[in-house]
Amino acid sequence: MGISIEDLTVTYGKETVISGLSLNIPEGCFFTLLGPSGCGKTTLLRTIAGFVPAAGGRLKFNGTDVTRLPPHKRAIGMVFQDYALFPDKTVNQNVAYGLHARGERGDSVSRKVAAALERVGLGHLGDRHPAALSGGQRQRVALARALVIKPAVLLMDEPLSNLDAKLRIQIRETITELQREANITTVFVTHDQEEALSMSDLIGVMNRGAIEQIGTPQDIYATPRTGYVADFVGSANRLAARLRPAADGLVEADFGQGRILATDARQGTGDEGLVILRPESLHLSLAPQANLQNLPATVRSRQYLGSKTSYRLDLGKGLELVAELHGPGHDAFHPGTPVNLGIDAAQARVIAA
Ligand SMILES: Nc1ncnc2c1ncn2[C@@H]1O[C@H](COP(=O)(O)OP(=O)(O)OP(=O)(O)O)[C@@H](O)[C@H]1O
């Protein structure tokens, strides 16, 4: 089921939280709303579910207007951060709930419940109560409960936030497997960029009630269109620069402490922009490197992180950049060392200031 949101406005009392938002989510897509706390992700998800009314605009499922339909008529399954299981019901009864609510009885209910629990690896725990389950098991029950009714749309609000790091990765995989198997249109809310990048077909990065950029994980990471997106998804060095056209479709970006050639990825023109340099795209060496643009820098500090080392570099006149090195000897540069910073023009992207 495709979801189309047209010019949506949502208010809480006098406060407008979402204003004029439009968005299309194709059928079968795993769509993630990614953004910091308070940007309106949960509000948008709850409006799609029908728990929060739209003050303006339209919401359509496969072209049918559902803006005024109550949640139970929208064919949605929902999974919450805090599981929201019924504590006084067994696992079987929790999973059977949606089927019973739809008037289903008898053997078909037990068969569907058993199959759903089996699918999430909990076939043996149907008689337990939620209190006797771990957090990961509870979230699997919640997932089985949401999917057993074969909803047309699956809505998930930070379902992994209460789990420890290892479990989060396991359940991430369970969720994406089940989603792909059922080809179910899914809207997933998170503030965790790794979750968004690893699970989604499309990501919508939210900022103050609006979607700032939509794209595949690769698009969002490699070609952020704003400083906000560049900074929120991955980390980014951002340098305000004055620009001059240069050869080969490049621009010369002068950021005060130095000048580099960079790739112009702006939608518009003008002589100002923001140079985005991903920490992992920067090269460090003792001597200047061929085929790169070389700038002198000093290592301020370094953080050894096992598989990589993060360096804070001083380029003079108060300008600091972060570079991240991987591979053998990545921790070789000591604080205080003068180094050469190598930048590839193709990896330095200029976006609108
Ligand atoms: N029931 C409510 N009544 C009034 N204001 C609300 C209500 N729920 C949310 N808000 C406000 O709406 C804005 C968006 O909140 P929302 O919960 O949608 O953000 P979020 O991005 O999901 O954040 P989080 O990740 O912290 O859940 C916030 O400013 C919040 O304070």
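Every number in this text was worked out from the coordinates using simple rules, so none of it is lab data. These numbers come from a predicted model, not from an experiment. Methodologically, a virtual Cβ is constructed for each residue, glycine included, from the backbone with ideal geometry; neighbour enumeration extends over all protein chains shown.
The table for this structure:
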read-out: FRET E, pair residue 287, residue 265, Förster distance 22 Å, beta-carbon r, rounded to 0.05; value: 0.15
read-out: Fraction of beta bridges assigned by DSSP in the stretch 3-228 that are antiparallel (%, nearest 5); value: 50
read-out: Dipole moment magnitude, nearest 20 debye, the chain about Cα centre, only Lys, Arg, Asp, Glu C-beta charged; value: 900
read-out: Kyte-Doolittle mean at least -1.0, axial Cα span of 20 Å or more - DSSP H helices of the chain; value: 165-182
read-out: Cα pair distances of the chain binned at 10 Å [whole percent]; value: 5, 21, 25, 21, 15, 10, 3, 0
read-out: In sequence order, calculated HN-Hα J values of the stretch 302-316 (Karplus, 6.51, -1.76, 1.60; Hz; x Gly/Pro); value: 9, 10, 7, 10, x, 7, 7, 10, 9, 10, 9, 10, 9, 9, x
read-out: Ascending count of other beta-carbon atoms within 10 Å, so fewest first, for 145, 244, 138; value: 244, 138, 145
read-out: Surface/4 estimate of mean projected area, convex hull on alpha-carbon atoms of the stretch 131-171, nm²; value: 3.3
read-out: Added length on full extension, which subtracts the Cα-Cα distance from 0.36 nm per residue, residue 150 to residue 218; value: 21.5 nm
read-out: Calculated FRET value between residue 134 and residue 114, using beta carbons and R₀ = 25 Å, to 0.05; value: 0.75
read-out: Mean ellipticity per residue at 222 nm, deg cm²/dmol - from DSSP H runs of n ≥ 4 across the chain, formula -39500 (n - 2.57); value: -7000 deg cm²/dmol
read-out: Span from the the stretch 292-353 Cα centroid across to the the stretch 195-262 one, whole angstrom; value: 18
read-out: Sorted peptide list for 248-261, 288-301, 148-161, 83-96, criterion being average Cβ within 10 angstrom, highest first; value: 148-161, 83-96, 248-261, 288-301
read-out: Candidates 38, 336, 56, ranked by Gaussian network fluctuation over the chain, Cα under 10 Å, top entry; value: 336
read-out: Distance cut-off 21 Å, percentage of C-alpha pairs in the stretch 127-276 lying past it; value: 57
read-out: Whole-angstrom gap from the stretch 21-82 to the stretch 89-168, using each part's C-alpha centre; value: 22
